[in-house]
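> Before anything else, here's the structure in question.
The values are calculated or read from the model by the stated rules, or taken from the named source; none is laboratory data. Computed from a predicted structure; not experimentally measured. No Cβ is skipped: glycine too gets one built from the backbone with ideal geometry, and neighbour counts run over all protein chains shown.
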Amino acid sequence: MEKKETLDSSLKDIVSICKRRGFVYPGSEIYGGLSNTFDYGPYGAELLHNLKRLWWKHFVHLREDVVGLDSSILLNPKVWEASGHVSNFNDPLIDCRNCKARIRADKFLEDQKGEGAATGLSLQEMNRVIQEGNFPCPTCGNRGTFTEARDFNLMFKTSHGASAEDAQDIYLRPETAQGIFINFKNVVSTTRRKIPFGIAQIGKSFRNEIMARQFVFRTREFEQMEMEYFCEPGTQKEWFAHWVEYCLRFLTEQVGLKKENLKIREHEKEELSFYSEATSDIEYKYGFGWGELWGIASRTNYDLSQHEKFSGEDLKYQDQAANKKYVPYVVEPALGLNRLFLATVTDAYAEETLADGEVRTVLRFSPKIAPVKVGVFPLMKKDGLPELSRSIFGELSALGNMEYDDGGAIGKRYRRQDEIGTPYCVTVDYESLSDKTVTVRERDSMSQERLPIAGLKSFFADKIL
Ligand code: ATP
């Protein structure tokens, strides 16, 4: 049984605008839903798409040292033995004997005793703290009803093969990273990449989270944007610092997140994964508090060495110039697309009281990621205004997603676009027919200016591309 979530009020506003304005719908809604699944509506899909494109641009296209990859979700199960996921990818689980709620023990302890309360604790130590605390079950409120904490593996199992005899148990990937490691040799030999270089990919991952919660922050199906950066042993510290800084700059300068809503949290020694030399999380201040957005880990040569051992393949890199052969070290910036989506909407959300007392809700997306770039409105649905508006819409559409809206008063149409975060609106009126100019209204200042139709495309291209 899953805990019914009580949403923090500011997260509630985000969930509400996402549903109301077609960003995110509850999954399988007409069948009563399926807990913790979500579908992204028209504006949500655009926003996801824009975030992915922006990431790909800055992590692949603008980097001469990074290439892209698109590997399978289904991999040979030996991959997950080699990577350590079969034995180590566990979260501590407790059950309530009374109401059968399943609870993630470390997060539960943090909820009860504050951030870091479970850091470095073994299962036995967690059991002791939970027993001593005599905490109530968050679902039924009873005390003393918890089972002992035990390891719960987060990988989803499925069956591969059509006939019962041939079917093999395999896993849905819990991260995209391993698909990159197992293709390291392929990429080196087919693209003649020289170290240092990175391989980046975007794709779905699956984790059977014990307590999936906080809207799209923690779901069982999610999308990752990961990059493995291969470097010479001894240079990993420098590259780690480079990528932490690069990721942070991407969030503030490209996505447009506010600096004060971001912080870097370095992992304590006892918190590090067994393969990691250093990890820094970039955290975002979500509606429910600070939470991980981007994990940057110095993964040593652990993964490639393990795959060498388990596959029997030589995965060393031959540095011709220096006449050296080694297993590269790896720095990995791993970002969750859905968490970036939530951070972006949270950061953009504002309610403003205007001079006339009216309250407007506005999403202040940076024009580069806004789901709709420009709203195009004919003042009236007659006298040639729709035809001229449609021709402007057609021309601007080459730049990105535009919206044509001819319904209702102009003020209402502006408000609708404000709520979905459209940075500009163009209104075509009677004067436009004679002087070939239109009114361009900017979302944040609400200022309006008259601009020639002929210059619109280059005016917007500067701002939204
Ligand atoms: P957490 O501690 O929050 O469970 P993690 O440290 O296990 O996250 P990583 O394995 O480092 O996460 O995964 C890289 C990124 O993938 C995270 O920074 C996050 O943005 C995203 N991510 C991980 N798990 C989920 C999930 N269940 N739902 C949505 N995004 C996720």
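Table: residues versus (1) modelled with pLDDT of 95 or more; (2) over 16 Å from THR422 (Cβ atoms); (3) surrounded by 20 or more Cβ atoms within 10 Å (Cβ to Cβ).
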| site | (1), (2), (3) |
| --- | --- |
| ALA370 | yes, no, yes |
| VAL376 | yes, no, yes |
| LEU385 | yes, yes, yes |
| LEU388 | yes, yes, no |
| GLY394 | yes, yes, no |
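> Would you confirm whether any residue within the range 197-211 is among the basic types (Lys, Arg) and surrounded by 18 or more Cβ atoms within 10 Å (Cβ to Cβ)?
Filtering the range 197-211 for residues among the basic types (Lys, Arg) gives 204, 207.
Then drop every residue that is not surrounded by 18 or more Cβ atoms within 10 Å (Cβ to Cβ), which leaves 207.
Yes, because at least one residue in the range 197-211 is among the basic types (Lys, Arg) and surrounded by 18 or more Cβ atoms within 10 Å (Cβ to Cβ).
> Here's a follow-up. Which residue is surrounded by the most Cβ atoms within 10 Å (Cβ to Cβ), if the candidates are limited to the range 89-120 and must be more than 19 Å from ASN153 (Cβ to Cβ) and among the hydrophobic types (A, V, I, L, M, F, W, C)? Let's see the steps before the verdict.
The first filter runs over the range 89-120 and keeps only residues more than 19 Å from ASN153 (Cβ to Cβ), leaving 96-101, 109-117, 119-120.
Filter again for among the hydrophobic types (A, V, I, L, M, F, W, C), leaving 96, 99, 101, 109, 117.
Numbers: CYS96: 21, CYS99: 15, ALA101: 20, LEU109: 24, ALA117: 17.
Among them, the one singled out is LEU109.
> Still on this model: Taking the condition within 26 Å of the chain's Cα centre (by Cα), in a strand (DSSP E or B) and buried (at least 20 other Cβ atoms within 10 Å of the Cβ), does TRP290 pass?
Values: within 26 Å of the chain's Cα centre (by Cα): yes; in a strand (DSSP E or B): yes; buried (at least 20 other Cβ atoms within 10 Å of the Cβ): no.
Considered against the rule, which asks whether it is within 26 Å of the chain's Cα centre (by Cα), in a strand (DSSP E or B) and buried (at least 20 other Cβ atoms within 10 Å of the Cβ), TRP290 comes out as no.
> Of a type in the set (Ser, Thr, Tyr), outside any helix (DSSP H, G or I), closer than 18 Å to SER366 by Cα and touching a strand residue (DSSP E or B) at 6+ places or on another chain (Cβ under 9 Å), is that true of THR422? Step through it out loud before you land on a result.
Values: of a type in the set (Ser, Thr, Tyr): yes; outside any helix (DSSP H, G or I): yes; closer than 18 Å to SER366 by Cα: yes; touching a strand residue (DSSP E or B) at 6+ places or on another chain (Cβ under 9 Å): yes.
When the stated conditions are applied, THR422 passes them.
> Okay, next question. Looking at the range 230-256, I want the residues that are of a type in the set (Lys, Arg) and have a partner that is surrounded by fewer than 21 Cβ atoms within 10 Å (Cβ to Cβ) with Cβ atoms under 8 Å, at least 6 apart or on another chain. Which pairs are those?
LYS237/ALA278
> Collect the residues in the range 39-88 that are modelled with pLDDT of 95 or more and among the polar types (S, T, N, Q), keeping them in residue-number order.
Correct list: ASN50, SER71, SER72, ASN76, SER83.
> Same structure again: Here are some residues: LEU74, LEU51. Which one is in contact with a His (Cβ under 7 Å, 6 or more places away or on another chain) and not acidic (Asp, Glu)? Steps first, please.
On the way: LEU51 fails: in contact with a His (Cβ under 7 Å, 6 or more places away or on another chain).
Just one listed residue meets the conditions, LEU74.
> Output the residues belonging to the range 266-304 that are among the β-branched types (Val, Ile, Thr) and away from the ligand (no atom under 14 Å from the Cβ).
Result: THR300, single match.
> Among GLY312, GLY336, GLY384, which is without any contact (Cβ under 8 Å) to a residue 24 or more places away in the chain and not β-branched (Val, Ile, Thr)?
Details: GLY336 fails: without any contact (Cβ under 8 Å) to a residue 24 or more places away in the chain; GLY384 fails: without any contact (Cβ under 8 Å) to a residue 24 or more places away in the chain.
Exactly one residue qualifies, and that residue is GLY312.
> Which residues, counting only those in the range 210-234, are in a loop (DSSP other than H, G, I, E, B) and either modelled with pLDDT of 95 or more or not hydrophobic (A, V, I, L, M, F, W, C) (or both)?
First, pick out the residues of the range 210-234 that are in a loop (DSSP other than H, G, I, E, B): 210-214, 218-220, 232-234.
If the condition is that a residue be in a loop (DSSP other than H, G, I, E, B) and either modelled with pLDDT of 95 or more or not hydrophobic (A, V, I, L, M, F, W, C) (or both), then ARG213, GLN214, ARG218, THR219, ARG220, GLU232, PRO233, GLY234 are the ones that fit.
> Could we say that THR176 is surrounded by fewer than 21 Cβ atoms within 10 Å (Cβ to Cβ) and either β-branched (Val, Ile, Thr) or closer than 20 Å to VAL244 by Cα (or both) here? Explain how you work it out, then say what you get.
Working: surrounded by fewer than 21 Cβ atoms within 10 Å (Cβ to Cβ): no; either β-branched (Val, Ile, Thr) or closer than 20 Å to VAL244 by Cα (or both): yes.
No: the conditions fail for THR176.
> Can you list the strands (runs of 3 or more DSSP E) lying wholly within the range 353-419 that have 2 or more residues being closer than 18 Å to LEU451 by Cα?
Numbers: elements: 359-363, 374-378, 402-404.
The strands (runs of 3 or more DSSP E) meeting that bar are 374-378.
> Kindly indicate whether any position in the range 326-340 is out of contact with any helix residue (DSSP H, G or I) (no Cβ under 8 Å at 6 or more places or on another chain) and buried (at least 17 other Cβ atoms within 10 Å of the Cβ). Step through it out loud before you land on a result.
Going residue by residue through the range 326-340, those that are out of contact with any helix residue (DSSP H, G or I) (no Cβ under 8 Å at 6 or more places or on another chain) are 326, 336.
Filter once more, so that each one left must be buried (at least 17 other Cβ atoms within 10 Å of the Cβ): 336.
Among the residues of the range 326-340, at least one is out of contact with any helix residue (DSSP H, G or I) (no Cβ under 8 Å at 6 or more places or on another chain) and buried (at least 17 other Cβ atoms within 10 Å of the Cβ), which makes the answer yes.
> Moving on. Hey, any hits in the range 410-425 for a residue that's of a type in the set (Gly, Ala, Ser) and either in contact with a Gly (Cβ under 7 Å, 6 or more places away or on another chain) or touching a residue at least 40 places away in the same chain (Cβ under 8 Å) (or both)? Before you say what the answer is, go through the steps one by one.
Filtering the range 410-425 for residues of a type in the set (Gly, Ala, Ser) gives 411, 421.
Right, trim to either in contact with a Gly (Cβ under 7 Å, 6 or more places away or on another chain) or touching a residue at least 40 places away in the same chain (Cβ under 8 Å) (or both) and you get 421.
Yes, that holds for at least one residue.
> Among the numbered conditions (1) in a strand (DSSP E or B); (2) without any contact (Cβ under 8 Å) to a residue 40 or more places away in the chain; (3) aliphatic (A, V, I, L, M), tell me where ILE199 comes up short.
The single condition ILE199 does not satisfy is (2).
> Of all residues in the range 17-44, which are in a helix (DSSP H, G or I) and more than 19 Å from the chain's Cα centre (by Cα)? Steps first, please.
First, the residues of the range 17-44 that are in a helix (DSSP H, G or I): 17-20, 29-31, 42-44.
If the condition is that a residue be in a helix (DSSP H, G or I) and more than 19 Å from the chain's Cα centre (by Cα), then ARG20, GLU29, ILE30, TYR31 are the ones that fit.
> Considering only strands (runs of 3 or more DSSP E) fully contained in the range 96-164, which possess at least 1 residues that are polar (S, T, N, Q)?
Working: elements: 102-104, 150-153, 157-160.
Result: 150-153, 157-160.
> Which one is farthest from the chain's Cα centre (by Cα) among residues in the range 219-261 that are within 13 Å of the ligand (Cβ to nearest atom) and more than 14 Å from PRO333 (Cβ to Cβ)?
By that ranking, first place goes to ARG220.
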